[in-house]
Amino acid sequence: MPGGHLATSLALAAATYQITGSTEAAAGCIAGGFLIDVDHYLDYLVFEEQWRRPSPVSFLRYYFTNRPRKLVLPLHSFELMTVLLAVILAHPWPLLVGYWVGAAMHLTFDVLVNGEHELRRAVAFYFFGYRVYNRFAAENLMKDLVVYSEAGTQPVKDFFLRWRSLKEDDRVEPAPAIQPTDPVA
């Protein structure tokens, strides 16, 4: 639900600015609520070894077709949130407080939305240690998913309009992987 994260982060940032008058706290809300997803892109480049196709469209297509094999996602971590909370208690910098509030909102929505439809153990998934225990393997962390028949064909549109990879009345099996063809003699 990336588009949903963008919308809710902007709303949270606006409310935060209205209440506090702090542009730093509002910017932190956007960073924590939306830009936290940069770790998906880092996973795509580093752990999925897709650095030869770094374009945002290729990245979105890859994720909307549910092809990740590894889910490291270091920013999506209750352990990190605990460390940040300890830092905030010692040094309540508005940018960091905003980040923490935005990230807390983001993770809450992730647990509620992704947990119901995509994850084997919704709350446990957001513990980094749980992902380590499962060797970051998507097959151990995610349910067996099917995707929209048109998934990945319009990744930018999907970014703003899709909040689930599944739709109960339009389920199809994923297309088989494309295999190299034998050379013609």
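Every number here is computed from the coordinates shown, using simple stated rules; none is lab data. Values in this document were obtained by computation on a predicted structure and should not be read as measured data.
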- [ ] Could you pull out every residue, at least 5 positions away or on a different chain, whose amide H is within less than 5 Å of the one on MET142? Hs are placed 1.01 Å off N in the peptide plane, and Pro or chain starts have none.
- [x] ARG120
Task: 3J(HN,Hα) from dihedral phi, the range 105-119, Karplus parametrisation 6.51/-1.76/1.60, rounded to Hz, x for glycine, proline - done: 5, 4, 5, 4, 5, 4, 4, 5, 8, 5, x, 5, 10, 10, 9
Task: For LYS70, distant residues with modelled amide H under 5 Å away - done: ALA138
Open item on the list: Checking the a/c ratio against 1.5 first, then a/b against b/c, what shape does the Cα gyration tensor give for the range 40-149?
Closed with: prolate
Open item on the list: Starting from 0.36 nm per residue, how many nanometres of slack lie between GLN18 and VAL132 once their C-alpha separation is accounted for?
Closed with: 37.0 nm
